[in-house]
Amino acid sequence: MKKALSAWTPVVVEDRADGFTLRVWGRSYTFDNAILPTSITSRDGELLDRPVKLVPVFGDRTEEWTEITHALVSADEEKAVVSVSATAGNVVFSGTVTAEYDGFVRMDLQLCNFWQFSDDDLAVPKLTGLTLDVTMNEAHSGLFHYWPNDKTSIIPAKDVMNSGHLACGDYPFKPYVMFGNEEAGLGLFLGESHKGFCLNDEDRCISVTGENGKARMQMHIFDRMPDAWGGEADRWVAALPPLCFTIGFQATPVKPVHVSDVDYKYFHYGDKAIRDLAAVGKLNDAEYLVNKLTEAGVRRLVLHEQWSTIQNYGLPANPDYYKKLVAACHRNNIRVMVYFGYECSTLHPAFNANAEKWLIRTGDGHFTGGWQRKPHQRAYMVCYRGGYAEELRRRVAYVMDELGVDDIYTDGTFVPWECANEAHGCGWRDSKGELQPSYPVLAVREHVKQLYELVHERGGIIDTHQSTCCMMTTLSFCDSIFDGENIQDQLHKDNLDFLDMAAFRTEYMGYNLGVPANFIAYTNEERPMGALEGLSLLHNVHCRSWSFSDLDYMQKIWRIFDDYRLNDAEWVPYWRNDVVTADAPRVTVSAYKEAGGAVTVVAMNADANCAETTLRVPAHCTRLTDLLTGAQYPVEHGAVTVPVELCLLHLLRAE
């Protein structure tokens, strides 16, 4: 394996006469005399309730696949390829299974009608239905995510939620769904579009049910005879076209999660921080900024989009100031991370020559996006199938090699935004000739895979902002996620009624996915940093500061984590917390269990009618200290009553 891929282990193939198993870091995929996985494991636990099925229907009869064969085509440390074949009714199945080191198992499938070796009756198509059927076991059925959300994939709509408890119902085509629990799960890549599907009701392409607590997903591919076959007999000189589909399976977590202080001691330098410095007359004083960051304990400075004079191009707006800032950061053990995003600016030197092929077009033919900023320019959303991927990677290499950049922050780069730009191969025409968008998942995957290697070869990491999209097909190749922008307005209006705990555990926690997470925190008087940090730290996730007032708050949290070495303690989350409990029903408690017997408690109250709660702590503890206020409370017989303000973080230490 390349050094840049050290997070993973080589692909291992176990080839048997009656099947094969593909093993990658932490997971396995077994095909026992079958064309689809019969077992998928993660963290040594089975995820499936029963084998995955591709169910063919011929009139009023459901058939089973027979004459199943497989053959190992090739294998190395990064990839294994196996061919599979079978037959059912008068259909021939061919498939190629490709397993990569990050655990993505891609399946390129083809269905063909019999012709040469059959009589005329069998040469006439009889297939009238085809459904992909996946059933999770009960232990991995509680949490559910799908993408895109129910409004759009073009920049997440505000205040929508597509993560949380299992949501049974019917859905139109989605390229990605995911099931699981807080520890592990299964992502299903269902294709880049529903091109070629024949559905009676397109709003019922995907059906999700919960039978006996087990999540079941059925994706309907054909509800009738495929239009491409039309009931005509297959002939040598008039062959019916093969029906081709690509799907994929990817168990999570995709790689080990190791969180250290450098993974959350961030300062995000954007508009708020610029205004803060301007207010005290220190806007272009690099030493002043770095001294403040150093005193607070910042380990990574993220320079937001303003750092580049051309949006998403990596050209410092103020080269002299930038050089001083980078040098001062490096002297103080602070890494510099810079912004790259999902747009191409009209100031880009090659805009005129490449806009038609680089940019996204919507289903009605329009460009999309169009962020405006100074110096005056407009930046449109790009599609990474259209050639801009190579340009972005070139600019990333430039800023790392020539400008001293340590790490890369990407905005939307890992999201396969829908696109219908036929000039570069996106979109498709339906039976009426109308243009429909597709999702360039595989092109984005290849782009970010190469980006990951490029950045890691240079000793850096990739942090990505991807609100509402937890598609591990692409997110395998980032080092951390930064989520939550689209829900910030709603968080300022309610007391966690919108973002429930199940949604946070599904989308915003990261441990179930295999990438550390930070939570976006847009603070104001209604929702201070203490409220957002309280919600996130219950899940061992930190917020990021965008202003110096928020940094003042966060440095207190960081110092507590440093003083008590909480990153080395055993984290006990609230959903299985038997170390510390609260008697108030809407007071949620997680804990850090330290080797010496002390326990640091994270508590948050979501009940406006509750002012205090009694905590049950380990019997050996005799006192409890509020680490944020310094207040102390005596513990008697393992119980202690403490005040709990509404929707604010409480950090309490029992010893």
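Kindly provide the helix-only [θ] at 222 nm of the chain, computed as the sum of -39,500 (n - 2.57) over DSSP H runs of four or more divided by all residues, to the nearest 500 deg cm²/dmol? Write out the running numbers ahead of the final one.
On the way: 11 runs with 110 residues, N = 655.
Calculated from helices alone, the mean residue ellipticity at 222 nm is -5000 deg cm²/dmol.
Scanning the chain for chymotrypsin sites (Phe, Trp or Tyr not before Pro) that sit in a DSSP loop and have at most 12 other Cβ atoms within 10 Å, the longest stretch containing none of them is 237-655. When the listed pairs LYS265/LYS593; LYS151/LYS292; LYS214/LYS255; LYS151/LYS282; LYS158/LYS323; LYS3/LYS158 are checked against a 31 Å cut-off, the alpha-carbon distance exceeds it for LYS151/LYS292; LYS151/LYS282; LYS158/LYS323; LYS3/LYS158.
When restricted to Cα atoms, region 571-654 yields an Rg and a Dmax of 11.5, 36 Å, respectively. Counting only residues at least eight positions apart within a chain, or on another chain, the lysines with an alpha carbon under 18 Å from that of LYS432 are LYS195. The phi torsions of region 38-47, fed into the Karplus equation with coefficients 6.51, -1.76 and 1.60 and a -60° offset, translate into couplings of 9, 8, 9, 10, 8, 6, 6, x, 6, 9 Hz, rounded to whole numbers, with Gly and Pro shown as x. For ARG50, the residues whose modelled amide H falls within less than 5 Å of its own, excluding neighbours fewer than 5 places apart on the same chain, are THR135.
Just round it to a whole percent: the fraction of Cα-Cα distances in region 266-483 exceeding 31 Å. Tail of P(r) above 31 Å: 23 percent of Cα pairs.
The long axis of helix 319-331 is offset from the longest Cα principal axis of the chain by roughly 70 degrees.
Put a plus charge on the Cβ of each Lys and Arg, a minus charge on the Cβ of each Asp and Glu, and nothing anywhere else: the dipole of region 3-252 about its Cα centre is then about 500 debye.
Note on region 375-531: Kirkwood hydrodynamic radius from all Cα pairs is 17.6 Å, rounded to one decimal. Within region 67-159, the proportion of C-alpha pairs whose separation exceeds 17 Å stands at 71%.
Once both axes come from the Cα atoms, what is the angle between helix 441-457 and the longest principal axis of the chain, in degrees from 0 to 90, rounded to 10? Taking Cα atoms only, the helix is inclined about 50 degrees. Extension gain, ASP15-ASP583: 0.36 nm per intervening residue step, less the Cα-Cα distance, totals 199.0 nm.
In order along region 618-630, the Karplus-derived 3J(HN,Hα) couplings, from 6.51 cos²θ - 1.76 cosθ + 1.60 at θ = phi - 60°, round to x, 4, 6, 6, 10, 8, 10, 10, 7, 6, 8, 10, x Hz, and Gly and Pro are given as x. FRET efficiency for the pair TYR321 and ARG623, taken as 1/(1 + (r/R0)^6) with r the Cβ-Cβ distance and R0 = 41 Å, rounds to 0.25.
Amide H contacts for THR152 (H built 1.01 Å from N in the peptide plane; partners 5 or more residues away or on another chain; cut-off under 5 Å): ALA157. Residues ASP552, ASP406, ranked from the fewest to the most other C-beta atoms within 10 Å, line up as ASP552, ASP406. Our coupling estimate for region 634-651, obtained by passing each phi through the Karplus curve with A = 6.51, B = -1.76, C = 1.60 and θ = phi - 60°, is x, 9, 10, 6, x, 10, 8, 9, 9, x, 9, 5, 5, 6, 10, 5, 10, 10 Hz, Gly and Pro reported as x.
Once you have the alpha carbon radius of gyration of region 22-126, what is it after dividing by 2.2 N^0.38 Å, with N set to its residue count?
Details: Rg = 15.8 Å, N = 105, 2.2 N^0.38 = 12.9 Å.
Working it through for region 22-126, the quotient is 1.23.
Note on GLU356 and ARG559: their simple-model spin labels are 6.1 nm apart, each label 7 Å out from Cα toward Cβ.
How big, on average over all directions, is the shadow cast by the Cα convex hull of region 3-252, in nm²?
On the way: hull surface 61.3 nm².
Directional mean of the projected Cα hull area for region 3-252 stands at 15.3 nm².
Principal-axis analysis of the Cα atoms of the chain puts helix 388-402 at an angle of about 40° to the longest axis. With bins 5 Å wide starting at 0, give me the P(r) of region 594-637 over every alpha carbon pair, in whole percents. Once binned at 5 Å, the Cα pair distances of region 594-637 give 5, 17, 27, 26, 17, 6, 2, 0. Annotation for region 401-470: trypsin sites (Lys or Arg not before Pro) lying in DSSP loop with at most 10 further Cβ atoms inside 10 Å of their Cβ are LYS432.
Under 5 Å between amide H atoms, partner at least 5 residues away or on a different chain: which partners does ALA517 have, H built in plane at 1.01 Å? Result for ALA517 returns ILE481. Mean silhouette area of the chain, derived from the convex hull of its C-alpha atoms and averaged over all directions, reads 31.5 nm². Sketch the reach of a paramagnetic label on VAL81 as a point 7 Å from Cα along Cα-to-Cβ, and name the residues of region 88-114 whose backbone nitrogen lies under 11 Å away. 96-99, by backbone N distance to the label point.
On the basis of the beta-carbon distance and an R0 of 22 Å, ARG275 and GLU295 show a calculated FRET efficiency of 0.65.
Please go through region 518-594 and write out the trypsin sites (Lys or Arg not before Pro) that DSSP classes as loop and that have at most 15 other C-beta atoms within 10 Å.
On the way: sites: ARG544, LYS556, ARG559, ARG565, ARG576, ARG586, LYS593; in loops: ARG544, ARG565, ARG586.
Here the trypsin sites (Lys or Arg not before Pro) that fit, given the DSSP loop and packing criteria, are ARG565.
Quick check on the exposure proxy: order SER85, SER6, SER153 from fewest to most C-beta atoms within 10 angstrom.
Numbers: SER85 16, SER6 10, SER153 20.
Exposure proxy ranking, most exposed first: SER6, SER85, SER153.
A quarter of the convex hull surface defined by the alpha-carbon atoms of region 236-333 gives 12.6 nm² as the mean projection.
Any read-out appearing in this document is the output of simple, stated calculations on the displayed coordinates, not a laboratory observation. Small disclaimer: the values here were computed from a predicted structure and weren't measured. No Cβ is skipped: glycine too gets one built from the backbone with ideal geometry, and neighbour counts run over all protein chains shown.
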